[in-house]
Structures are given as structure tokens and as C-alpha cells.
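Comments concern the structure below.
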Amino acid sequence: MGRILLARHGNTFGPGDTPVWVGAKEDLPLVESGEAQARALGEALKAAGITPARLICGPLKRTRRAAEIVAGLTGFAGQSEIDPRLTEIDYGSWGGKSNDEIVAEFGQEALDCWDKRHTRPDGVDWSPSDAELKANALAAMADAASSRGLALVITSNGILRYMHAALSGDDGNAKVKTGHLCAAELGGTTGSRLFWNEKPDADLIARHFS
């Protein structure tokens, strides 16, 4: 069994911005508070005495920048690995729209399906397919868990929801806040959640990875 850390990138919207759905085609950078969230993750790892053996992220600016910041704070000397399986979902015609715009165009039920029940709404033009996203989430975690040493995976909210679904444990809420942290333990193609959607904390990390 191998244990891994999973993190969501930080904020891509600042004060006064209207948040919109940000998928694979909306390649936004981290804003100032998002960079601060990445620093908080790096500082928590450093305080826990942990330098990742592998640092794996998706190809979008927001995940690559978060990985860069964490690497600098933890003394990670290698190269961050870009894993296309960690690319955020392409939300199609939902991308770039606010929740209010989505409700007006597609209905409250469609939004609630994803936001509250964590399932893909019927008929949406998202990609990849549901089956491919499920397979990619599990394969990416299994690959990270096979590392010699601790792997930190930095990705996006949509992908983390599929990772949550692939793991056993208390179902809870699959959503992960920006800059928040999760942990899992995997053996082969099965795994369980150790914790989910927690603010980076040195004591929490040390309890599971020291």
C-alpha cells in the first residue's frame, strides 16, 4: 500500500471578480491569494519535515504554478512531472459561465446534480467521457502511490471529485476547496481516503506521513 497527498490549486479569482466555471479551456493563472495558498501548503509540508519524492501536476497554469511554489519551499530538487490525466474537465458550454448563467441556461437541477450530488448532469457537452475520467483518476493515483517515497499530486476540483469517487471511506462531500489538501492510501487498483478537503496543516500531515 502506498500513501499519497492530493491538493487542489489555489484561487484563480480575486476580490471583486465574478467566479465562473474554469475548465481545461479556461487556463487561468493563480491570483495573489492563490499563490499564498500554495505557499501555505509548501510551508505546512516543510514544517512537517516532508520533502516530496515526486511532485506531479496537471498541465494548466494554475496547477503548474502551485507545484513550482511548493517545490521551492520544500527543497524538492527534481522536476515536476506533468500528467495529462490531471487536466481539469473541459466543461464545454458551461466553461466561462457563472452559476447564475448556468441555471438560466441549463436549469437548477443540472447545477445541483454536480454541485450537490457530485454526479455528471445528463446531456452535458463535457469531456473526456465519464468513463475516461474515472479511469484516469484511478490510474493517476495508482501511479503516484507506486512511488518510492511520498508523491504530492496537484490538480483541480473536477478531477478530485472523480478521485474521491474511486476511493472507499465516508462519502462526505467530494468537493475540495481551493488550496486544500487530501490524502489517500492505495494498493493496486483499490484505495481509501485518509482525510479529505482539509486546510494544509503540519500536524495533520505528520500524523499520516511521518
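The values are calculated or read from the model by the stated rules, or taken from the named source; none is laboratory data. Everything numeric in this text was worked out from a predicted model, so none of it was measured. Every residue, glycine as well, gets a Cβ built from its backbone with ideal geometry; the counts of neighbours run over all protein chains shown.
Details
- Of all residues in the range 161-210, exactly one satisfies the criterion of being outside any strand (DSSP E or B), at positive phi and at pLDDT 95 or above, namely 179.
- The condition (being of a type outside the set (S, T, N, Q) and under 21 Å from residue 174 (Cβ atoms)) is satisfied by just one residue among 78, 95, 72: 95.
- The residues listed here are 165, 142, 174; of these, the one that is surrounded by fewer than 17 Cβ atoms within 10 Å (Cβ to Cβ) and hydrophobic (A, V, I, L, M, F, W, C) is 165.
- Against the criterion of being within 23 Å of residue 172 (Cβ to Cβ) and of a type in the set (A, V, I, L, M, F, W, C), residue 114 qualifies.
- Residue 18 vs. criteria within 21 Å of residue 159 (Cβ to Cβ) and hydroxyl-bearing (Ser, Thr, Tyr): no
- Only a single criterion out of (1) within 17 Å of the chain's Cα centre (by Cα); (2) over 22 Å from residue 88 (Cα atoms) is not satisfied by residue 59, namely (2).
Residue-wise test of (1) farther than 14 Å from residue 64 by Cα; (2) surrounded by fewer than 19 Cβ atoms within 10 Å (Cβ to Cβ); (3) charged (D, E, K, R).
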{"site": "1", "(1), (2), (3)": "yes, yes, no"}
{"site": "5", "(1), (2), (3)": "yes, no, no"}
{"site": "8", "(1), (2), (3)": "no, no, yes"}
{"site": "18", "(1), (2), (3)": "yes, yes, no"}
{"site": "26", "(1), (2), (3)": "yes, yes, yes"}
{"site": "29", "(1), (2), (3)": "no, yes, no"}
{"site": "33", "(1), (2), (3)": "yes, yes, no"}
{"site": "39", "(1), (2), (3)": "no, yes, yes"}
{"site": "44", "(1), (2), (3)": "yes, no, no"}
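- From the list 110, 137, 151, the one residue that fits, being over 30 Å from residue 1 (Cβ atoms) and either modelled with pLDDT of 95 or more or crowded, with 19+ Cβ neighbours inside 10 Å (or both), is 110.
- Entirely in the range 1-118, the helices (runs of 4 or more DSSP H) that have 2 or more residues that are within 26 Å of residue 203 (Cα to Cα) and free of Cβ contacts under 8 Å to residues at least 40 places away in the same chain: 32-47, 61-74
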